[in-house]
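What follows is a short report on a single structure.
Since every read-out is calculated from the coordinates, none of them should be taken as a lab result. Note that the structure is a prediction, hence the values are computed from the model and not measured. Here Cβ is always computed from backbone atoms with ideal geometry, including for glycine, and neighbour counts include all displayed protein chains.
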Amino acid sequence: MDIRFFVSGIVMAIASLMAGFLVHATLLHPDYVALSSIYRSDEEGMNFFHWMLIAHVMIGFSLTWIYRQGVQAGGSTIGQGVRFGIAIACLMTIPGYLIYLAVLKIPAELAHKQMMYDVPFVILLGVLVAFLNKKK
């Protein structure tokens, strides 16, 4: 693990946190407020914010580590990033929301919105991690 790994992990953690804020605290916030019996209030959620930070640091370093295992020298950076982002979305994002739909009492429309908003950001995170970890 070199300095590029640590820089990439930190940048990816920040990007993941920002994407999550845009999707969940902005675009989907009204949906979550309407389901106050399931989701924490903003005030209560702030008491758990440190867990959110830990989660995004784990996401940032995990995306960096996994991407670096499969990157191919000479391949298209954008192509590899999109491919990686799609793989992560199919592995974690989409199944996660489908599981939430199955076990939580959330409307299907919310799960669809979560996937519709999060998948493009996961693909963008894939492209970002590709650019941060270009093989020479």
Which whole-angstrom value gives the distance between the alpha carbon centres of the range 93-117 and the range 12-77? 15 Å
Helix axis angle, 49-70 relative to the chain longest principal axis, alpha carbon, degrees: 30 degrees
Quick check: the angle from helix 94-103's long axis to the longest principal axis of the chain, C-alpha only, nearest 10 degrees? 20 degrees
Among [x] -0.18, -0.79, -0.90; [y] -0.26, -0.75, -0.83; [z] -0.23, -0.85, -0.93, the value of log10 I(q)/I(0) by the Debye sum over Cα atoms at q = 0.08, 0.16, 0.17 Å⁻¹ computed for this structure carries the label [z]
State, as an integer percentage, the relative contact order of the chain based on alpha-carbon contacts under 8 Å between residues 6 or more apart. 38 percent
Measure nothing but the geometry: give the 0 to 90° angle between the long axis through the Cα atoms of 77-88 and the longest principal axis through the Cα atoms of the chain, rounded to 10°. 40 degrees
In straight Cα distance, which aspartates and glutamates are under 16 Å from K135, not counting same-chain residues fewer than 8 positions off? D2
Helical mean residue ellipticity (222 nm; -39500 (n - 2.57) per DSSP H run of 4+; nearest 500) of the chain: -23000 deg cm²/dmol
With the chain treated as a Gaussian network of Cα nodes joined by springs under 10 Å, which of V103, V33, V71 yields the largest mean-square fluctuation? V103
Using a Förster distance of 41 Å, how high is the FRET efficiency between S37 and I14, based on the Cβ-Cβ distance and rounded to 0.05? 0.80
Ordered by fewest other Cβ atoms within 10 Å, a rough proxy for footprinting exposure, D31, D2 read D2, D31
Using the beta-carbon distance between L98 and A73 and R0 = 30 Å, what value does 1/(1 + (r/R0)^6) give for FRET efficiency, to the nearest 0.05? 0.25
